[in-house]
Amino acid sequence: MEEILKLTLGVLLLVMGIPLGDYLRKITLDEQKDGRIWFKILTTLGILGGFIGLILREDWVLFTFFFIAIVTSRNLVDKKRRNPKRSSKK
């Protein structure tokens, strides 16, 4: 039962990374163009670290690195692709 509670709490924290990443994207518009390569590097390292935590069966490593990957990957998503303009009928 304790493991299920830990897993549920970890997944909820990972899901909270999505709105946090969106918020950070909104307040750091000027850094997004110059630092795009760093966001890609951080996302890649986060995913690799998460899989290493999965292999080592260390939950704190897995969730920490996947949280980093989720938050930084939100800066790589194009705003145009996320919110396509709707065609207006006249």
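Each value in this text was obtained by applying a stated rule to the coordinates, not by laboratory testing. Worth saying up front: this structure is predicted, and the values here are computed from it rather than measured. Please note: Cβ atoms are built from the backbone with ideal geometry, for glycine as well, and neighbour counts cover all protein chains shown.
Taking the Cα centre of the chain as the origin and placing charges on Cβ (Lys, Arg +1; Asp, Glu -1), which of 14, 52, 32 is farthest toward the positive end of the dipole?
Toward the positive end, the furthest listed residue is 32.
Taking Cα atoms, how many degrees apart are the long axis of helix 36-56 and the longest axis of the chain, rounded to 10 and kept between 0 and 90?
Orientation of helix 36-56: about 20 degrees from the principal axis.
Could you give the angle, 0 to 90 degrees to the nearest 10, between helix 59-73's Cα long axis and the longest principal axis of the Cα atoms of the chain?
Tilt of helix 59-73: around 10 degrees.
Let's see if you can work this out: charge +1 on each Lys and Arg Cβ, -1 on each Asp and Glu Cβ, no other charges. What is the dipole magnitude of the stretch 1-79 about its Cα centre, in debye to the nearest 20?
Details: 9 positive and 9 negative charges, 58 e Å.
It comes to approximately 280 debye.
Quick one: 3J(HN,Hα) in Hz for the stretch 8-25, Karplus 6.51/-1.76/1.60 with θ = phi - 60°, rounded, Gly and Pro as x.
5, 4, x, 5, 5, 5, 5, 5, 5, x, 5, x, 5, x, 5, 5, 5, 5
Taking a ≥ b ≥ c as the square roots of the Cα gyration tensor eigenvalues, with a/c under 1.5 meaning rounded and otherwise prolate when a/b beats b/c, else oblate, which class fits the stretch 2-78?
The shape class here is oblate.
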